[in-house]
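Reading through the C-alpha cells given below for one structure.
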Amino acid sequence: MTLKLKARHFRIAGVFASFFYFQSTAFASAYSTPISGIDAEDKLNYKIGESVFQKFWVPSPSSTTASDGLGPLYNTRSCNNCHINNGRGHAPEAGISGASVPSFLIRFGRAYEELSPVADFIYPKIGDSHYGSQFQGHSVQGIQPEGDYYLSYDLRIETLADGTEVELRKPKLHWSALNYGNLEDSTGISLLVTPALVGMGLLDNIPGATIAANADPGDKDKNGISGRINWIPDGINGKTIGRFGYKASTPSVSFQNQLAFNTDLGLSTPMHSAPSGDCTALQKECIASPNGNSEHLDNLEVDKQQSDLVDLFVSLSSPPAMRNLGDSTFREGKTIFDNGGCASCHIPKMETGEHARFEALENRTFYPFTDMLLHDMGPELASGFPSFSATPSEWRTAPLWGIGLSHKVSGRQGFLHDGRARTIEEAILWHGGEAKQSQQYYKQLNKEHRQKLIYFLESL
Amino acid sequence: MKRLLTPIAICVAGAMLTACGPAAVKSESSAVTADAVVVHYADIAEAVYGDSLTTAKTLRTAIKTFLDAPTEANLASAKTAWIAARAPYQQSEVYRFGNAIVDDWEGKVNAWPLDEGLIDYVAQDSYGSESDLNPLYTANVVASKHLHIGGEMVDASDITPDLIANTLQEADGVEANVASGYHAIEFLLWGQDLNGTNPGAGERPASDFDLENCTNGNCDRRRDYLLAATDLLISDLEEMANNWKDGGAARVALLDQSSEEGLATMLTGMGSLAYGELGGERTKLGLMLHDPEEEHDCFSDNTHWSHYHDAQGIKNVYLGEYKRVDGSWVKGPSLSKLVSQEDIALDLEMKAKLETTEAAAQAMVDAAEHGYTFDVLIAMNNTAGNQLVQTFVDSLVDETRVTEEIIHHLDLQGIALEGSDSLDNPSAVFE
C-alpha cells in the first residue's frame, strides 16, 4: 500500500515542484521552495531552517539566548536581509551610504604586484591587519563601526554592430569614514553583491571528478577556453575543490553558510568559532566585548542544530523550473547561445552523484549553466587580490538558472560579482578575457537575435 | 491525468449494495465522488467562516458591554468571548493553504508576531525603546494623534477601521507592524505577557479602558482602537464568509478547477498546515529556541487551544464534518470515504494519525489547564514539557506522511506542476 516518494521519474530537480507548494504561484518564492522528494520531517525542518534564515539576531547579553551574539561588528542582522527570499542583492546607487545597503560587501585581501609562476599556487587568505577580511559598517553599542563609503560610477558606451549604444557603468569606491585608520598599502579590495541562492545543494553535490573533467588549465584543446579549479587549502597540506563564492573560494554549502554567519553577522558557528567574527587583533574592544556563546548551544552562538537547519534550507531549496521550453523563441535563443560558445563555460546540464548529505540530492539531473570552474574574465572585471588559487581576473562561471526571476524574487536585479550590470545585456557586454569571443559574437547579433537570446536566458 | 472515479468505478463500488444504475449513483450511502467531496469542502468553509463571523460579533457585544462598564468581570467576559471566537477561526486555517484567496487575505486577521509597541504602551525594560528594523517599533498609536510614517506626517486623531487597515497595518512596509486582527485585539485585552517562560499571561487592568479612572493614559483612544479593530475584524470576516457562499470568489476559484485539482487543494492545505505552519513555525521553532516570543497566542496564553483547533481543522477536512458553534453538525461526502473506496487500510491509517494528533493537542490543553501553558512547556530544562510539545510536532509529521501517501495513492502528485511549461522535460532540449 505504501507508495514511496522516491519514484525515479519524479526526481528531476526544478521540474517537479514539491507538492505542498504548488499552489503558491507567487514568484517571490521561486528560489525558496523545497526540492521534490524530501520526507515530511525534512519539509518541517525546511520551514524551521527558513525561519532561522529569516530571524533577526540581537546583541549580547540578551534574554533570548538562542538568538543573541550579533557582532560586535556586522553587516546585517539576518541571512534573509541580504538574500531576500534567497534572491540576489544590489549595488548602492551613486552617492548613498554604502553601510545602509546590507547586500553589498567590501572584501579585503593581500594584493600582489606579480603573480606566482607556479601553476595552481595557493595564495594564503590574509585580510587587512586593521579591518580583517571584510568591511563591516555596523556595530553593537559601545563599539565603533568600521566606517562608511559610497560608490560613484564611471560610465562608458559600448556600441553594437548595428549601431545600438549600450551604457555600461563601473563602480568606484570612495571611503567617507575609516574609523580604524587607513588600510594597509598591501591591501587589495573586492566589491561583491549578495548572490542568489539557487540550487546550492545540487551544486554542492556535483562530483569533483565531473568538475575536474571539464577543466582545461592549459587550454589543451585550443578553443581559447581554459577552465581551472580553484584549489583551496584543506587540512594542513591538503587541498580541495572550491565551489561557492564568486571565485569558488569555499568548498561546501555548510562552510559558506557558516563563514557568512561569522563574517557578515559576527556569530560563532561549529566551523568558525570566533564569537567576535571578523574583529582583528588590533580591534581590541571588539574582541573584548560580550559574546553570546551559551552552554546549552555547544558554547556557540549559532549551534550545530541551527547551523544544520540553515544548511538544510539552503541545500534543499529547489531551483525554479525552466519556463517557455516549448516555445520556438526559446529554442532559437538556445541556438544563438550555443553558436556564441556560451555553453563552453555555462554548461547546461549537470548531475549529482551518490552519498549526498541529504538523500534527496543524490542522482539528480539539473540545469545550472555553469562548469563550476574559474575563467579569466579580463582586466575590466578583475578584483584587487587573489583568492586561494584564483587570480584577480579569474571568476567562477556564474550559474544562469533563475536569473530571469531575479527582480520578482527580491525586487532587485543586478548582475556580475559587484552588481554593476543592470541588465543581462550589460552583463554579457562586460565579458572579457576568455569570454571575449562570445562577447564579440553578441555584439554582431541583430536586434531580433539579441532579444531571442535574452528571452532564452530569462527562461532558465 | 486519469479521472479519479469513473462512472464504472462508482458502479462497481455501488454494486456492493444494490444493482448498478442511476439510483445507486445517487444513493448517499454508497460511493462518493471527487466532485461531491470538493463541493462539501467548500460547504464546510462556508460554515466555519460563518461561525467565525458570528463569534466575532459576539465578541463585539462583549467588548461593548465591557466598554460601557469597564469592570474586571466584564473584561474577563470579553476575553472569554475572544477565546471562543478563536475556536472556529483556527479551524478555518486549513483553508489558507491551497486557496490563494484565503492566504492573500489572512494577514489582515491573523498576522503574527507583532511589534505591539506600534499600538499601545509596552514595558521598556524587556521590549526596548527602538528597533533598527522598524521605525514604528514604539509608535504607540493609542498615545499619539500624529505619526511619522515613511517620512510623512499622518493624522491619527480618529482611530477608525480605515486608519488601522490602510495606514497602520504593515506601516513602513514592516510586516511586524500588525495593527489589525485577532492578535491586535488580543494585545488590547490582555496586554504584554511579561512572565517569559514562567506561568501567567498578560495582566492588563480593566481600568486601562476606564474613562473615569484611567490607568496608563489615553483610555479614550484605547477604547476607540479596541472597537475599531473589532469592527475591522468583523468586516474582514464578512468578506471571507461571503467568498465561500454560492457564487463567492473562493468557492468559484475552487470549483473552477478539475476535481483532481480540488482534491489536491484539500490535501495541500492539510499537509502544509500540519508540517509547515503549525508543526514548524508555530511549534517546533519556539521549542527549539525555548523562546516565548515565538508563541502564537502569546498575550493570552491561548496557544494550546489555538493549536488544538488548527489540528481539528485538518481533521474536519479529512472527515468531511464540522461541529458548528451552535452544536449542529455539517456532514457530507468526505475525503475519508473517497480514500476508503480505494484503500480501506490507508483511510484507517489516516484516521488513526489524526486521532494521535488530537490526543497530543489535548495533552497540551490539559497541561495548560494545570497552569503549564505553551510558553511554560517550551522553557529550557522543562524536559517533560518539551517532550509534550515534541510529541505534538512528531504526530503532525506522521500525519503529513500519510497525507502524502494519499496524494500518491490518488495519483494527484502530477497536479503539483504549475502550468504546462513545467511538463516539458528540459532533457529534450539540453543534451
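The values are calculated or read from the model by the stated rules, or taken from the named source; none is laboratory data. Bear in mind that the values here come from a model prediction, so they are computed numbers and not experimental data. Backbone-built Cβ (ideal geometry, glycine too); neighbour counts: all protein chains shown.
Counting only residues that are outside any helix (DSSP H, G or I) and of a type in the set (A, V, I, L, M), which one in segment A:296-335 is surrounded by the most Cβ atoms within 10 Å (Cβ to Cβ)? Filtering segment A:296-335 for residues that are outside any helix (DSSP H, G or I) and of a type in the set (A, V, I, L, M), the one surrounded by the most Cβ atoms within 10 Å (Cβ to Cβ) comes out as A:V302. Could you tell me whether segment B:287-308 includes any residue that is of a type outside the set (A, V, I, L, M) and closer than 25 Å to B:I407 by Cα? Within segment B:287-308, one or more residues are of a type outside the set (A, V, I, L, M) and closer than 25 Å to B:I407 by Cα. The criterion of at least 1 residues that are in contact with a Phe, Trp or Tyr (Cβ under 6 Å, 6 or more places away or on another chain) is met by the following helices (runs of 4 or more DSSP H) wholly inside segment A:389-460: A:406-410, A:424-429, A:447-458. Of all residues in segment A:208-228, those satisfying the criterion of being in contact with a Pro (Cβ under 8 Å, 6 or more places away or on another chain) and on the phi < 0 side of the Ramachandran plot are A:S226, A:R228.
Among the residues of segment A:108-127, those that are more than 25 Å from the chain's Cα centre (by Cα) and either closer than 14 Å to A:T187 by Cβ or β-branched (V, I, T) (or both) comprise A:E113, A:V118. Please determine whether any residue of segment A:411-425 is within 14 Å of chain B (Cβ to nearest Cβ) and either under 24 Å from A:G199 (Cβ atoms) or touching a Gly at 6+ places or on another chain (Cβ under 7 Å) (or both). Yes, some residue in segment A:411-425 is within 14 Å of chain B (Cβ to nearest Cβ) and either under 24 Å from A:G199 (Cβ atoms) or touching a Gly at 6+ places or on another chain (Cβ under 7 Å) (or both). Taking into account only those residues within segment B:278-312 that are away from chain A (no Cβ under 14 Å), touching a Ser or Thr at 6+ places or on another chain (Cβ under 8 Å) and assigned to a helix (DSSP H, G or I), which is farthest from B:S336 (Cα to Cα)? Going through the qualifying residues, I end up with B:T303.
State the number of residues belonging to segment A:29-86 that are β-branched (V, I, T), within 10 Å of another protein chain (Cβ to nearest Cβ) and surrounded by fewer than 24 Cβ atoms within 10 Å (Cβ to Cβ).
3
Beta carbons closer than 8 Å, at least 6 apart along the sequence or on distinct chains, pair a first residue in segment A:84-108 that is at pLDDT 95 or above with a second that is of a type in the set (F, W, Y) and in a loop (DSSP other than H, G, I, E, B) for A:L105/A:F135; A:I106/A:F135; A:R107/A:F135; A:F108/A:Y131; A:F108/A:F135; A:F108/A:F385.
The condition (being of a type in the set (S, T, Y), more than 21 Å from the chain's Cα centre (by Cα) and at pLDDT 95 or above) is satisfied by just one residue among B:S334, B:S300, B:S395: B:S334.
Screening A:I428 against (1) surrounded by fewer than 20 Cβ atoms within 10 Å (Cβ to Cβ); (2) free of Cβ contacts under 8 Å to residues at least 40 places away in the same chain leaves a single unmet condition, (1). Screening the candidates A:S152, A:S116, A:S139, A:S186 for the property of being touching a Pro at 6+ places or on another chain (Cβ under 9 Å) and in contact (Cβ under 8 Å) with a residue 60 or more places away in the chain yields one hit, A:S139. Among residues of segment B:271-289 that are closer than 15 Å to B:T303 by Cα, those with a beta-carbon under 6 Å from a residue that is among the polar types (S, T, N, Q) at least six positions away or on a different chain give the pairs B:E281/A:S51; B:L285/A:S51. Only one entry in B:A179, B:A206, B:A184, B:A229 is modelled with pLDDT of 95 or more, crowded, with 16+ Cβ neighbours inside 10 Å and in contact with a Gly (Cβ under 8 Å, 6 or more places away or on another chain), namely B:A229. Can you confirm whether A:L267 is crowded, with 23+ Cβ neighbours inside 10 Å and either farther than 14 Å from A:G69 by Cα or touching a helix residue (DSSP H, G or I) at 6+ places or on another chain (Cβ under 9 Å) (or both)? Spelling it out, A:L267 is indeed crowded, with 23+ Cβ neighbours inside 10 Å and either farther than 14 Å from A:G69 by Cα or touching a helix residue (DSSP H, G or I) at 6+ places or on another chain (Cβ under 9 Å) (or both).
Strands (runs of 3 or more DSSP E) fully within segment A:128-238 that include at least 3 residues being within 30 Å of A:S32 (Cα to Cα) and in contact with a Phe, Trp or Tyr (Cβ under 7 Å, 6 or more places away or on another chain): A:187-193. Among the residues in segment B:2-9, are any modelled with pLDDT of 50 or more, more than 30 Å from B:A76 (Cα to Cα) and out of contact with any His (no Cβ under 9 Å at 6 or more places or on another chain)? Within segment B:2-9, not a single residue is modelled with pLDDT of 50 or more, more than 30 Å from B:A76 (Cα to Cα) and out of contact with any His (no Cβ under 9 Å at 6 or more places or on another chain). With respect to (1) more than 26 Å from A:G402 (Cβ to Cβ); (2) within 12 Å of the chain's Cα centre (by Cα); (3) aromatic (F, W, Y), the lone exception for A:W231 is condition (2). Among the residues of segment B:321-340, those identified as more than 17 Å from B:Y41 (Cβ to Cβ) and of a type outside the set (G, A, S) are B:V325, B:D326.
Between B:K337, B:K315, B:K353, the distinction of being in a helix (DSSP H, G or I), under 30 Å from B:T80 (Cα atoms), among the basic types (K, R) and in contact (Cβ under 8 Å) with a residue 24 or more places away in the chain belongs to B:K315 only. Quick check on segment B:195-247: of everything there that is over 21 Å from B:I44 (Cβ atoms) and of a type in the set (K, R), which residue is farthest from the chain's Cα centre (by Cα)? Checked segment B:195-247; the qualifying residue farthest from the chain's Cα centre (by Cα) is B:R221. In segment A:247-261, the residues that are among the basic types (K, R) form Cβ pairs under 8 Å with partners that are in a loop (DSSP other than H, G, I, E, B) and at pLDDT 95 or above, at six or more places apart or across chains, as follows: A:K247/A:N230; A:K247/A:S383.
Only residues that are in contact (Cβ under 8 Å) with a residue 40 or more places away in the chain and part of a helix (DSSP H, G or I) were counted in segment A:262-274, giving 2. The condition of being closer than 23 Å to A:K170 by Cα and in a strand (DSSP E or B) holds for only one of A:G95, A:G109, A:G89, that being A:G109.
Just wondering, is there one or more residues in segment A:439-457 that are within 22 Å of A:T210 (Cβ to Cβ) and either in contact (Cβ under 8 Å) with a residue 60 or more places away in the chain or not charged (D, E, K, R) (or both)? No, there is no match, as no residue in segment A:439-457 is within 22 Å of A:T210 (Cβ to Cβ) and either in contact (Cβ under 8 Å) with a residue 60 or more places away in the chain or not charged (D, E, K, R) (or both).
Screening segment B:380-393 for residues that are crowded, with 18+ Cβ neighbours inside 10 Å and in contact (Cβ under 8 Å) with a residue 24 or more places away in the chain and picking the one that is nearest to the other protein chains (Cβ to nearest Cβ) gives B:V393. Only residues that are in contact with an Asp or Glu (Cβ under 6 Å, 6 or more places away or on another chain) and either outside any helix (DSSP H, G or I) or more than 10 Å from chain A (Cβ to nearest Cβ) (or both) were counted across segment B:246-277, and they come to 1.
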